[in-house]
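Trainee: This is the structure, below, for whatever I ask next.
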Amino acid sequence: MPESTSAVPDARPDQGLDRLNALSEEELRTELAQCLDVERWVLAVAAAAPYADRSALLDTADAHAREITADEVASALARHPRIGEKAQGRGTEAAWSRGEQSAFAADTDDAAVRVQRIFQYAQQEYEERFGQIYLVCASGRGPRDLLADLVGRLANDRDTELAVVGGELRRIAALRLVKLLEATA
């Protein structure tokens with residue numbers, strides 16, 4: 001009786017991971033900074049290379065991203081555009097940002113346009129309240145969903161909101177790490 005092939009691990013090479021593992025530490029740090037521009041995180045994730053598999057990379061990245069401090073949040077926010085504004089530049093990070101926000105601008109019916117206008121006012125209120133831009137992992141999320149999230153977060157106190165933003169940065173970093181791996185596969 002032949003053995004079941006479902007128990008055999010996938011032996012295909014992971015070209016994306018292989019490429020990252022082959023980079024110099026400086027090149028790897030440059031690639032990682034596109035995912036999350038927090039120096040401590042970049043250094044820690046780069047120092048743990050080479051990675052045996054994607055899970056090891058993603059788990060290490062997530063563990064270090066969970067330790068983001070308030071100062072690191074502020075620094076990382078400086079590289080993110082407001083929701084609804086196009087990221088400037090031609091680099092990978094700017095292209096990723098534009099793609100992540102594409103669902104926000106995709107709805108063009110009258111109701112969606114009104115929601116986008118209300119969102120802009122709520123976003124301004126958020127910035128006045130917290131002294132920073134509203135950051136969310138916007139990938140695949142439309143204006144109504146983002147408006148509901150934004151309005152809900154306006155009720156947070158400063159410390160709670162910093163923790164929420166740290167979690168959003170962590171989600172963005174994970175999404176971008178996968179993009180980085182897939183772009184090189």
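The values are calculated or read from the model by the stated rules, or taken from the named source; none is laboratory data. Worth saying up front: this structure is predicted, and the values here are computed from it rather than measured. All Cβ positions, even for glycine, are placed from backbone atoms using ideal geometry, and neighbour counts span all protein chains on display. Only protein heavy atoms, including side chains, enter the accessible area calculation; ligands, DNA and RNA are left aside. Shrake-Rupley method; radii C 1.70, N 1.55, O 1.52, S 1.80 Å.
Trainee: With the structure loaded, tell me whether HIS80 is assigned to a loop (DSSP other than H, G, I, E, B), of a type outside the set (A, V, I, L, M), at pLDDT 80 or above and buried (at least 19 other Cβ atoms within 10 Å of the Cβ) or whether it fails that test.
Mentor: yes
Trainee: Which one is modelled with the lowest pLDDT, of the residues in segment 114-131 that are open to solvent by 40 Å² or more (accessible area, probe 1.4 Å) and among the polar types (S, T, N, Q)?
Mentor: Only one residue fits best here, namely GLN120.
Trainee: I'd like the full set of residues that are under 16 Å from the mean Cα position of the chain (by Cα), part of a helix (DSSP H, G or I) and either loosely packed, with under 14 Cβ neighbours inside 10 Å or among the aliphatic types (A, V, I, L, M) (or both), limited to segment 45-74.
Mentor: VAL45, LEU57, LEU58, ASP59, ALA61, ALA63, ALA65, VAL73, ALA74
Yes/no per residue for (1) at pLDDT below 95; (2) over 17 Å from VAL73 (Cβ atoms); (3) open to solvent by 60 Å² or more (accessible area, probe 1.4 Å):
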residue: ASP145; (1), (2), (3): yes, yes, yes
residue: LEU154; (1), (2), (3): no, yes, no
residue: LEU177; (1), (2), (3): no, yes, no
residue: LEU180; (1), (2), (3): yes, yes, no
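Trainee: Go through (1) over 27 Å from VAL42 (Cα atoms); (2) open to solvent by 10 Å² or more (accessible area, probe 1.4 Å); (3) touching an Asp or Glu at 6+ places or on another chain (Cβ under 9 Å); (4) not acidic (Asp, Glu) and name the single condition ALA111 misses.
Mentor: Of (1) over 27 Å from VAL42 (Cα atoms); (2) open to solvent by 10 Å² or more (accessible area, probe 1.4 Å); (3) touching an Asp or Glu at 6+ places or on another chain (Cβ under 9 Å); (4) not acidic (Asp, Glu), only one is false for ALA111: (3).
Trainee: Just one of the numbered conditions (1) at positive phi; (2) more than 17 Å from the chain's Cα centre (by Cα); (3) in contact (Cβ under 8 Å) with a residue 12 or more places away in the chain is not true of LEU154; which one?
Mentor: (1)
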